[in-house]
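Nothing in this text is a laboratory measurement; each read-out follows from the coordinates by a stated rule. Worth saying up front: this structure is predicted, and the values here are computed from it rather than measured. Every residue, glycine among them, receives a Cβ derived from its backbone with ideal geometry; neighbour counts consider all protein chains shown.
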Amino acid sequence: MLQHFFSKSEHSSLSDDALSQIPSDIELLRFSTNCVSNQMHELVSYLEMSKKWDSITHNYPNDIEVAKYLVLSKLKEIKVQSNFKALAEALTKMDISTHFLCQVRRERRAETDLPLEYLDCIPTDEILDKLAPQIGQVYFQLGAVIGLSIGTLETIQSNNPRDLAAQNREVLFAWRKDKTVKPTIMVLIQALVNIGKGARCLQEVLKNVDLKTLKESEEVRGEGAISKEPKNTSEQKPHGKKKKSKKCSIA
């Protein structure tokens, strides 16, 4: 909670360059996670986001954690001045130390006992299926830190309004499918740490997973992805008996 981090005796703060930067989604999530509701209500009033806060909390009456993150995301979306300086000025008006913003910007590096060989592997369907029920009501936070859009997350929530495991499962599979960043086990571990869940739940799932099986599954999935790509209609027309090179079709 904010009180835990804020102290009037703490004078360290962000540099002018850092204050001018726009917070990332992960940084906004760290900020919102450590805000208790009554502090958030005061914060949004200084950020001139009270009406948006009322609207979001109306739509998410049973998930205040999602509401806190969403109002800060909306701030970044609709306000020109939505940098760290704006947050610092609001905190100052609340008579709260801006030292907390240093904590928000500092990423906690994930630590794991898993062998290094596992960390660059892509998790299988079975791993994600087993993990989904273990991570609780964090689909929105998890989706945010692994790069899913708010629109995608709201659709997932709408599709599975009361099924937490299904929400988590959709988030995990959407992340693995996206591949903007290679969806490795290490990336997933870091995401779980970033939302405060920790990596133990994933380590338990992986405890009985054989590395050879994991790598073979990754190879099969890669081959499957190539074979499912739509073919160009011109490629479907016969050109005599000459066979098309697999290398050319992939390239």
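Can you work out the Karplus-derived ³J(HN,Hα) for every residue in segment 210-218? Use 6.51 cos²θ - 1.76 cosθ + 1.60 with θ = phi - 60°, whole Hz, and x for glycine or proline.
After applying 6.51 cos²θ - 1.76 cosθ + 1.60, I find 7, 4, 4, 5, 4, 5, 5, 4, 5 Hz.
Classify segment 75-114 from the C-alpha gyration tensor, please: rounded if a/c falls under 1.5, else prolate or oblate depending on whether a/b exceeds b/c.
Since a/c reaches 1.5 but b/c is at least a/b, the shape of segment 75-114 is classed as oblate.
Per residue of segment 49-61, in order, report the coupling 6.51 cos²θ - 1.76 cosθ + 1.60 (Karplus, θ = phi - 60°) as ³J(HN,Hα) in whole Hz, putting x for Gly and Pro.
Once rounded to whole Hz, the list reads 10, 4, 5, 5, 4, 4, 5, 5, 5, 5, 7, 10, x.
Would you please give the FRET efficiency between GLU219 and ARG162, computed as 1/(1 + (r/R0)^6) with r the Cβ-Cβ distance and R0 = 35 Å, to the nearest 0.05?
Between GLU219 and ARG162 the formula returns 0.40.
Classify segment 170-220 as rounded, prolate or oblate, taking a ≥ b ≥ c as the square roots of the eigenvalues of its Cα gyration tensor: rounded when a/c is under 1.5, otherwise prolate if a/b is larger than b/c and oblate if not.
oblate
As a quick test, which of the pairs LYS130/LYS179; LYS177/LYS212; LYS76/LYS215; LYS177/LYS207; LYS51/LYS85 have an alpha carbon distance above 31 angstrom in this structure?
LYS76/LYS215
Post the alpha-carbon centroid distance, segment 125-161 to segment 166-215, in whole angstrom.
Spelled out, the Cα-based centre of one part sits 12 Å from the other.
Select from segment 117-185 those trypsin sites (Lys or Arg not before Pro) which occupy a DSSP coil region and have at most 14 other Cβ atoms within 10 Å, ordered by residue number.
Filter output for segment 117-185: ARG162, LYS179.
In the P(r) worked out for segment 116-227, what percent of Cα pairs fall beyond 22 Å?
28
Using θ = phi - 60° and the Karplus relation 6.51 cos²θ - 1.76 cosθ + 1.60, list the HN-Hα couplings for segment 113-125 in order, rounded to whole Hz, with x at every Gly or Pro.
8, 5, x, 4, 4, 7, 5, 8, 7, 8, x, 7, 4
Exposure proxy check: CYS35, CYS201 ranked by fewest other beta carbons within 10 Å?
CYS201, CYS35
Which of CYS121, CYS102 comes first, and how do the rest follow, when ranked by fewest Cβ neighbours within 10 Å?
Result, fewest neighbours first: CYS102, CYS121.
Using a Cα-Cα cut-off of under 12 Å, which aspartates and glutamates could be cross-linked to LYS93, ignoring same-chain neighbours fewer than 8 residues away?
Within the straight-line cut-off, LYS93 pairs with GLU42.
Inverting the mean 1/r over all pairs of different Cα atoms, compute the Kirkwood radius of segment 133-199 and quote it in Å.
It works out to 11.8 Å.
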